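The structure appears right after this line, and notes come after that.
What follows is calculated from the coordinates using simple rules that are stated; it is not laboratory data. Model, not experiment: these values are computed from the prediction. Virtual Cβ from ideal backbone geometry, glycine too; neighbours counted across all protein chains shown.
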Amino acid sequence: MIRARKLVDTRRVTDVVARDVELFDDVEHRPPKDDDDGELEVLPDGTVSIPLFEDEVVVSKQSVVRERVLVEKVPEVETYRVQARLRRERVDA
């Protein structure tokens, strides 16, 4: 039987490294264009345009079923006296 195990050696190091950072120079607020799609944009001069969103309350009206009314029908026979003139046509050959 062969056994294998993994060993990890660690040591603490301190070193000086260079990193590139970008600082912002100016912040400008602009209203959105009519056809603004809300996506992040990088303009040709390197400026980043970030869209800011807000929630708007939209009130709408929609018909929904609130309840049903069941009406039960009971058959009933009523008699009426009527007067009429009846006609009947026929052909004699």
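Ranked by Cβ crowding within 10 angstrom, fewest neighbours first, how are Lys33, Lys6 ordered?
Lys6, Lys33
If the elastic network links every pair of Cα atoms under 10 Å, which of Val21, Val65, Val82 fluctuates the most in the Gaussian network model of the chain?
Looking only at Val21, Val65, Val82, the largest GNM fluctuation is found for Val82.
At Val27 and Ser49, where each label point lies 7 Å from the Cα along Cα→Cβ, what is the point-to-point distance in nanometres?
1.9
In the chain, if every C-alpha pair distance is counted and binned at 10 Å from zero, what percent goes to each bin?
Calculated P(r), rounded to whole percents: 7, 13, 10, 9, 11, 10, 9, 8, 7, 6, 4, 5, 1.
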